[in-house]
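The values are calculated or read from the model by the stated rules, or taken from the named source; none is laboratory data. These numbers come from a predicted model, not from an experiment. Using ideal geometry, Cβ is built from the backbone for each residue, glycine included, and neighbour counts are taken over all protein chains shown. Ligands, DNA and RNA are excluded from the accessible area calculation, which covers all protein heavy atoms including side chains. Shrake-Rupley method; radii C 1.70, N 1.55, O 1.52, S 1.80 Å.
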Amino acid sequence: MNSKKRPSNKKRKKTYKKRNKKIRIILYNLIIIVLFIIIVLLLLNTIVPATRTSLSLYSPSSIYDIDVSDRKMESFVKTTVSEINTYGETINITSENLGSSYNINLFDTTNEKVNYSFKMDEAANAGIETQDMPVGSFFLQLDDESFISYDDDFTLDFYTITRDGKNNNITVDVVNGLVHITKYEAEDNDDELDIMIDPGHGGTDGGSSSDDGTILEKDLNLQASILLADKLTDMGYNVGLTREDDSQPGETKDGINAYQEGGRVTQVYDTEAKLVISMHHNKGGASGFEVYSSYYANNDFATLLASYLSNVSTPSSKITGYISDGVYVETYDDTTDDGASIVQDYMYMIRESGGIATKSVNEENVQNNLKPQGAEGVLIELGYLDDATDLAHVSDTTVMEQETEQIALAIDDYINNTPSALIDLTEQTTEEEE
């Protein structure tokens, strides 16, 4: 009979002890790993969404998932609005129930808190200023705690203007009837323009001219526009020109149409430009420069441009449409096809490029509802070609360099230093606690 000697109790205990020690080490290591993962996740949860995006840790859609349940959303008290549109970077909310001045609060969908608010105004460029919004996912709430709702499906996607080489993506949509805004840092903005510069006239349309006909407006407009575009590009902005040679955008053998493919207005919408600067020179019995603003916008941009231009040129002596030195608004009364009376901006590049926010109409006088998005626009008349002093001034290449430099500085100032309507409620809370 073959038999083996069984290990002693002492040896068996030693073997068990070693095995238990290994198991304990493995368990300790697993606990440490789990704790490390939890700590990392907690730390990541405190990193602002824009940083998480830049680190490529999450996709934007996963960062801003709406945590509010469908049932809870459906239970919210709602205030329905009739219109949502953008003007430049500003989101406008229109409703007869809201009045001309009110607050819109940003309800953070990830923590169900209101920490920020915007003071809304009836001016097209004074509303939800997307450039100042925090990154995140938000519903819109009024002071009475009702939520802004919209009856139709709606999606609007665009970029903010380039600042310090960066852009933010803005998406406006409707979730369970609630207007929802998402903002996150975008990787690039090559397909959309910050600024569209429009050299007026061109091709068969020479515009105004000197009394002897040797100097044409279209040529001066193009020269000044190219200089301005170069300066703004050097500042880091994504800039386009509606024309780069002696042509008329949208001109065919049948005439000129700014709304067809390649037309001035169409280019603005196709590139989703945020600002439009239409460059012109004038004629007609006055002198000096003029900056025209929209009837539907406040005059902050035009006033800033005029103040900068005043450093090198003289404001106009014209009286009609005068708002302040160098700033003008000109309108006419019109009627839509359904019989409604509306006020129209006289300068069509301001009116039509502004979209719904400026009551734009196309050549058939039908409201342009194709896109609820418009560019904030101004039109600049640099001087009068039938005034001898103005003519000598605006045709001087050194002066043109100075004028376009001042316009570029004013645009940069407006983009980066405009007083914000954003109210940080967290700061107010801190002050109250103190």
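Could you list, in sequence order, the residues of segment 384-411 that are part of a helix (DSSP H, G or I) and open to solvent by 50 Å² or more (accessible area, probe 1.4 Å)? Let's see the steps before the verdict.
First, the residues of segment 384-411 that are part of a helix (DSSP H, G or I): 388-394, 397-411.
Selection gives A388, T389, A392, H393, T397, T398, E401, Q402, E405, L409.
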Fill in: Pairs where the first residue, in segment 104-130, is under 15 Å from M73 (Cα atoms) and the second is open to solvent by less than 10 Å² (accessible area, probe 1.4 Å) and part of a loop (DSSP other than H, G, I, E, B), C-beta under 6 Å, 6+ apart
T109/V68
Response to the item:
Residues in segment 316-342 that are touching a residue at least 24 places away in the same chain (Cβ under 8 Å) and either buried (at least 20 other Cβ atoms within 10 Å of the Cβ) or not in a strand (DSSP E or B) (or both) total 11
Worksheet item: Quick check: anything in segment 237-246 touching a residue at least 12 places away in the same chain (Cβ under 8 Å), over 23 Å from T162 (Cα atoms), open to solvent by 40 Å² or more (accessible area, probe 1.4 Å) and not polar (S, T, N, Q)?
Response: yes
Item to complete: Please tell me if R243 is touching a Pro at 6+ places or on another chain (Cβ under 6 Å) and within 23 Å of I356 (Cα to Cα).
Response: no
Worksheet item: If you go through segment 110-132 one residue at a time, do you hit one that is under 27 Å from N298 (Cα atoms), among the β-branched types (V, I, T) and in a loop (DSSP other than H, G, I, E, B)?
Response: yes
Worksheet entry | Residue check, G263 surrounded by fewer than 20 Cβ atoms within 10 Å (Cβ to Cβ), touching an Asp or Glu at 6+ places or on another chain (Cβ under 9 Å) and either on the phi > 0 side of the Ramachandran plot or small (G, A, S) (or both) | no
Worksheet item: What's the number of the condition S82 fails, among (1) over 21 Å from V276 (Cβ atoms); (2) open to solvent by less than 20 Å² (accessible area, probe 1.4 Å); (3) of a type in the set (S, T, Y)?
Response: (2)
Practice prompt. Return the residue satisfying two criteria in turn: it lies in segment 95-109 and is in a loop (DSSP other than H, G, I, E, B) and modelled with pLDDT under 90, and of such residues it is farthest from T80 (Cα to Cα).
Written response: S100
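Looking only at segment 257-310, which residues are over 21 Å from the mean Cα position of the chain (by Cα), assigned to a loop (DSSP other than H, G, I, E, B) and either in contact (Cβ under 8 Å) with a residue 24 or more places away in the chain or within 28 Å of S395 (Cβ to Cβ) (or both)? Talk me through it step by step, then tell me what you get.
Taking segment 257-310 as the starting set, the residues that turn out to be over 21 Å from the mean Cα position of the chain (by Cα) are 257-263, 279-291, 306-310.
Then keep just the ones that are assigned to a loop (DSSP other than H, G, I, E, B); that gives 257-263, 283-288, 310.
Those that are over 21 Å from the mean Cα position of the chain (by Cα), assigned to a loop (DSSP other than H, G, I, E, B) and either in contact (Cβ under 8 Å) with a residue 24 or more places away in the chain or within 28 Å of S395 (Cβ to Cβ) (or both): N257, A258, Y259, K283, G284, G285, A286, S287, G288, S310.
Which residue out of N311, N299 is buried (at least 19 other Cβ atoms within 10 Å of the Cβ), over 22 Å from G207 (Cβ atoms) and polar (S, T, N, Q)?
On the way: N311 fails: buried (at least 19 other Cβ atoms within 10 Å of the Cβ).
The unique qualifying residue is N299.
Only one residue in G213, G207 is touching a residue at least 60 places away in the same chain (Cβ under 8 Å), open to solvent by 30 Å² or more (accessible area, probe 1.4 Å) and not in a helix (DSSP H, G or I). Which one? Let's see the steps before the verdict.
Details: G213 fails: touching a residue at least 60 places away in the same chain (Cβ under 8 Å).
Just one listed residue meets the conditions, G207.
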Worksheet entry | Residues that are surrounded by fewer than 22 Cβ atoms within 10 Å (Cβ to Cβ) and touching a helix residue (DSSP H, G or I) at 6+ places or on another chain (Cβ under 9 Å), drawn from segment 135-147 | V135, G136, F147
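Looking for whichever is touching a strand residue (DSSP E or B) at 6+ places or on another chain (Cβ under 6 Å), open to solvent by 10 Å² or more (accessible area, probe 1.4 Å), under 15 Å from K274 (Cα atoms) and not charged (D, E, K, R) here; the options are Y150, Y159. Which one fits?
Numbers: Y150 fails: under 15 Å from K274 (Cα atoms).
After ruling out the rest, the residue left standing is Y159.
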Worksheet item: Just wondering, is there one or more residues in segment 366-376 that are at pLDDT 95 or above and open to solvent by 10 Å² or more (accessible area, probe 1.4 Å)?
Response: yes
Worksheet item: If you scan segment 232-283, which residues turn out to be more than 17 Å from K371 (Cα to Cα), out of contact with any Gly (no Cβ under 6 Å at 6 or more places or on another chain) and basic (K, R)?
Response: K253, K283
